[in-house]
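Only the coordinates and a few stated rules stand behind these numbers; no lab work does. Nothing here was measured: the structure is a model prediction, and the numbers come from that model. Here the Cβ is made from the backbone with ideal geometry for all residues, glycine too, and neighbour counts use every protein chain on show.
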Amino acid sequence: MSQTFGHPEAALPAADSLHIRLCDGIQHMEWPQAGLTADFLGVFFADIAAAQGADSRSARHAIGYLVNELLENAIKFRVPGGEPVLVAGGVDEAGFAFEMHNEATVEVAAHFGTLLEELTSRDPGDLMIERIEANAENSSSGGSGLGILTLMNDYSAEMGWTFGDKGASGTLDITTRVRLPLD
């Protein structure tokens, strides 16, 4: 059984894609480490985007922000010691395409699915204002989806998710696909 949210049909470009596998090793993988991967991918793909006419600095910032935001959450909410987090990205004439796979518990996936239902069914600009106001009133609130809303609203990212059953393990595979236009 699979469940989808948003635009999960966004696909990776066939050429110029890079695949990275992040897994626990000697050092336990922590979410703050996502910044290193995001910075690397931002620089790597900004050069490719610039060769296709995009502004290198803007591309680096947008790609870095996107990867960091999504990778932090994937690492933070993954099954510790579980499957590696798989990241792939590429640039083509339509912009930057990103795909990520991570494993989550059924409980975490259910909470995330509820959040995604709301984020993908309403206008991201309106919802972003509501969430900013709610966070200002209650600074201890978390999991508001502001990072995803920022990507959708400020960066015009087309985003989609597919939740797939991993079978007897009691976990779900979450696939995130994003298409980010690069001007």
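Quick notes
- Taking amide hydrogens as placed 1.01 Å from N in the peptide plane, the amide H of residue 96 sits under 5 Å from those of 180, 182, each at least 5 positions away in sequence or on another chain.
- Site pair residue 93 and residue 110 shows an inter-label distance of 4.7 nm when each label is modelled 7 Å from Cα along Cα→Cβ.
- Residues of the range 59-84 falling in the label zone of residue 23, defined by backbone nitrogen less than 17 Å from a point 7 Å along Cα to beta-carbon, are 75, 78-84.
- Of all DSSP beta bridges in the range 2-180, antiparallel share, percent nearest 5: 100
- Over the chain, all Cα pairs binned in 10 Å intervals from 0 give whole-percent P(r) values of 9, 37, 37, 16, 1, listed from short to long.
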